[in-house]
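Every number here is computed from the coordinates shown, using simple stated rules; none is lab data. For clarity, every value in this text was computed on a predicted model and none was experimentally measured. Cβ placement follows ideal geometry from the backbone for every residue including glycine, while neighbour counts extend to all protein chains displayed.
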Amino acid sequence: MTVPLFAGFALGLSLILVIGAQNAFVLRLGLRGEHVLPVALTCALSDAVLILVGVSGFAQMSTIMPWAEPIMRYAGAAFLIVYGARSFKSAFAAEASLQVSDTTTTTLQRALLTCLALTWLNPHVYLDTVVLIGSVSTQFDEGRDMFALGAMLASFTFFLSLGYGARLLRPFFARPGMWRVVDGGIGLVMWITAARVLVPSTPA
């Protein structure tokens, strides 16, 4: 039963390693040491729910409810564009040159709501977890549960490592102006992700 477990872990980790809006947000909070555990757990638990849905055989949801996909796409893209604009505004603001010890904080409620929006309004999350992981899990008849568990463990491992590991970079980001780079980079990631959502790639 270890083969499906490791296969699920490897697939889940390979999908989630690609930097995106959600990862960039967790990284920023990790660098600031703000709400790392609840945000990381929210991301991982969200992935776990979607993986469970995919492995349970609901990968054909888009065929049952074809109207849901475009609504989800445009709502997610709109959120990413607005959030990216806020990040760019912060990067160019005078107070954007923050140090890690700065007293400005993000409330837990705001952090969790942003995290949930970045997760559940991103169509690519559904493609990766529900469709891709769900379809690959069909290769493991008796080990499907272990495959799903492995993919879930990959999410928990990644987000907890990203959130808490970011603290090792604190001395680097204590330099004046580095937060401008962080905010600018996050804004760019948000807008690139939005563009990918609005203009999905077509097979060659």
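Between ALA93 and LEU45, residue separation times 0.36 nm minus the direct Cα-Cα distance comes to 13.8 nm.
For the pair THR2 and THR106, what calculated FRET efficiency results from E = 1/(1 + (r/R0)^6), where r is the Cβ-Cβ distance and R0 = 45 Å, to the nearest 0.05?
Between THR106 and THR2 the formula returns 0.65.
Counting 0.36 nm for each residue step from VAL199 to THR157 and taking away their Cα separation leaves a gain of 12.0 nm. Spin-label model, SER56 to ARG167: label points 7 Å out along the Cα-to-beta-carbon direction sit 3.6 nm apart.
Note on SER14 and ASP141: the model spin-label points, each 7 Å out from Cα along the C-beta direction, lie 2.4 nm apart.
Our coupling estimate for region 148-163, obtained by passing each phi through the Karplus curve with A = 6.51, B = -1.76, C = 1.60 and θ = phi - 60°, is 4, 4, x, 5, 5, 4, 4, 5, 4, 4, 5, 5, 5, 5, 5, x Hz, Gly and Pro reported as x.
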